[in-house]
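First up is the structure itself, then whatever we jot down about it.
The values are calculated or read from the model by the stated rules, or taken from the named source; none is laboratory data. This is a predicted model, so every value here is computed, not measured. All Cβ positions, glycine included, derive from the backbone under ideal geometry; neighbour counts span all protein chains shown. Just so you know, the surface numbers come from the protein's heavy atoms only, side chains and all, with ligands and any DNA or RNA stripped out. Shrake-Rupley method; radii C 1.70, N 1.55, O 1.52, S 1.80 Å.
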Amino acid sequence: MNLHEYQGKELLSSFGVRIQRGIVAQTADEAVAAAKQLTEETGTGWHVIKAQVHAGGRGKGGGVKLAKNLDEVKTLADQIIGMDLVTPQTSAEGKRVHQVLIAEDVYYPGENEPDEYYMSVLLNRSNGRNMIMYSTEGGMDIETVAEETPHLIFTEEIDPALGLLPFQARRVAFNLGLSGVAFKEMTKFVSALYRAYVESDASLFEINPVLKTSDNKIMAVDSKVTLDDNALFRHKDLAELRDKREENPIEVEAGEQGLNYVDLDGNVGCMVNGAGLAMATMDLIKQAGGEPANFLDVGGTADAARVEAAFKIILKDPNVKAILINIFGGIVRCDRVAQGVIDAYKNMGNINVPIIVRLQGTNADIAKELIDNSGLDVLSATEFQEAADKVQAVLS
């Protein structure tokens with residue numbers, strides 16, 4: 001589950017991470033009120049107006065602006081709220097901006113020049129350890145840094161049994177070229193950031209940039225936080241931060257139906273039981289000359305109600321030209337699934353795309369007979385290749 005920047009910063013702050021302070025606003029008038037409040041609390045004269053969407057690269061799309069007075073706060077907030085923000089991480093249609101963060105200006109003059117760093121905490125899947133990735137090249141796309149100057153990216157791997165050790169936090173500060181007050185501030189920052197990552201059961205914390213201010217404070221100017229969905233039962237307060245407006249509405253509806261669904265760009269809808277078989281089915285569709293329109297795992301209880309719900313979800317995609325149902329009857333009996341398909345088809349009335357049903361496993365022969373004798377426009381198959389051939393036939 002992704003968090004907005006302002007939500008991520010609030011989470012970081014609760015663990016002692018210094019953040020760029022800000023107030024979220026839903027309208028231009030609220031933005032002005034937030035700017036006034038922020039000036040009273042922080043003394044900031046300028047304000048940063050930041051679109052709150054689940055996508056990076058907001059500045060490149062015009063979603064981050066600097067306001068030098070209250071009139072500009074209102075004008076810029078009015079421009080950003082309601083816009084369809086297109087960034088390198090959104091579709092061509094962009095994401096609708098429903099709210100903005102009014103943040104303090106932290107690039108104030110002082111004894112030293114401000115410096116920006118990149119820092120993230122994530123799981124290194126190759127060895128099962130958490131890892132802090134960091135660089136002196138903050139504010140840039142980390143992919144570009146990795147490609148053009150890989151020697152400027154450092155990593156610190158952490159033994160989960162020991163946690164982040166003090167010498168590791170100091171090494172991060174040293175590799176970033178810090179000394180004195182800034183060095184001590186960075187070690188505190190790194191320790192608090194890692195603690196936030198572990199105790200919130202996150203899968204990603206990305207801060208770009210981490211700022212060293214002109215007076216040697218270290219703070220998070222941005223935050224990208226992804227929480228592990230499987231651990232949200234331990235964090236009911238964090239689960240409430242979910243913003244469904246930022247998610248694919250079909251995927252949200254599928255989740256509410258208890259279906260594991262991911263929307264894709266193809267033309268063949270998939271209904272499968274088991275994630276591994278679903279991946280293999282998508283390969284099958286590609287081999288047959290089609291493109292999978294979705295990943296959909298109906299789980300082990302593919303009864304009529306569940307199959308009908310899956311049909312409705314798949315058919316919401318206008319690009320779907322055929323549906324392949326691929327069920328392995330291990331725990332669930334194939335004849336029950338077949339009857340579920342038949343009942344769902346009859347309940348929904350006419351379905352105007354071809355349906356191929358491949359059932360293999362317990363009572364597969366009975367299931368095929370049920371499908372073949374149903375009188376419905378449904379094609380049955382028992383072998384992978386047979387299903388692939390029928391997909392290819394209906395697409396051509």
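Between amide H atoms placed 1.01 Å from N, distances below 5 Å from G329 occur with Q360, G361, T362, all of them 5 or more places distant or on a separate chain.
In the complete set of protein chains, residue-level accessible area for H54 is approximately 40 Å², probe 1.4 angstrom.
Using θ = phi - 60° in the Karplus curve 6.51 cos²θ - 1.76 cosθ + 1.60, the 3J(HN,Hα) couplings for region 81-94 round to 5, x, 6, 8, 7, 9, 10, x, 10, 10, 6, 5, 6, x Hz; x is entered for Gly and Pro. Compared with the dominant Cα axis of the chain, that is its longest principal axis, helix 166-175 is turned about 80°. Among A103, A309, A192, the residue with the largest mean-square fluctuation in a Gaussian network model of the chain, with springs joining Cα atoms closer than 10 Å, is A309. Distances between placed amide hydrogens fall under 5 Å for V268 paired with E291, A293, K321, all partners being 5 or more residues away or on another chain.
When region 272-396 is described by a simple charge dipole with +1 on each Lys and Arg Cβ and -1 on each Asp and Glu Cβ, the residue from S396, L370, L296 located farthest towards its positive end is L296. For region 168-264, trypsin sites (Lys or Arg not before Pro) meeting the loop criterion (DSSP other than H, G, I, E, B) and having at most 12 other Cβ atoms within 10 Å: none. Per-residue ellipticity at 222 nm computed for the chain from its helices equals -11000 deg cm²/dmol, with DSSP H segments shorter than 4 residues left out and the rest contributing -39,500 (n - 2.57). Computed in the context of the full set of protein chains, the accessible area of region 304-396 at 1.4 Å probe radius has 48% of its extent on carbon or sulfur. Each residue of region 125-137 is assigned a 3J(HN,Hα), and the resulting list reads 5, 6, 10, x, 10, 6, 9, 9, 10, 8, 7, 6, 8 Hz, derived from the Karplus form 6.51 cos²θ - 1.76 cosθ + 1.60 (θ = phi - 60°), x at Gly and Pro.
The mean sequence distance of close C-alpha pairs (under 8 Å, at least 6 residues apart), as a share of the length of the chain, puts its relative contact order at 12 percent. When the C-alpha to C-alpha distance is required to be over 20 Å, the pairs from K50/K236; K286/K390; K312/K346; K184/K212 that qualify are K50/K236. Helix 275-287 axis versus longest C-alpha principal axis of the chain: approximately 70°, rounded to the nearest ten.
Against the chain, whose longest principal axis is taken from its Cα atoms, helix 334-348 shows a tilt of about 80°. Ordered by solvent-accessible area of protein heavy atoms (1.4 Å probe), largest first, the residues D29, D243, D84 come out as D29, D84, D243. Were the residues from E386 through S14 laid out at 0.36 nm apart, the gain over their Cα-Cα distance would be 128.2 nm. Ignoring ligands, DNA and RNA, please state the percent of accessible area on region 136-265 from carbon and sulfur, probe 1.4 Å. Carbon and sulfur atoms account for 50 percent of the accessible area of region 136-265. Per residue, the chain exposes 47 Å² of solvent-accessible protein surface, assessed with a 1.4 angstrom probe and all protein chains in place. GNM on the chain, alpha-carbon springs under 10 angstrom: the most fluctuating residue among A288, A254, A220 is A288. Once backbone amide H atoms are built at 1.01 Å from N, N260 has D297 as its partners under 5 Å, excluding neighbours fewer than 5 places away on the same chain.
On the beta carbon distance between D365 and F167, with R0 = 56 Å, the FRET formula returns roughly 0.30. Its Cα centre serving as origin, region 207-339 has a Cβ charge dipole (Lys and Arg +1, Asp and Glu -1) of approximately 140 debye.
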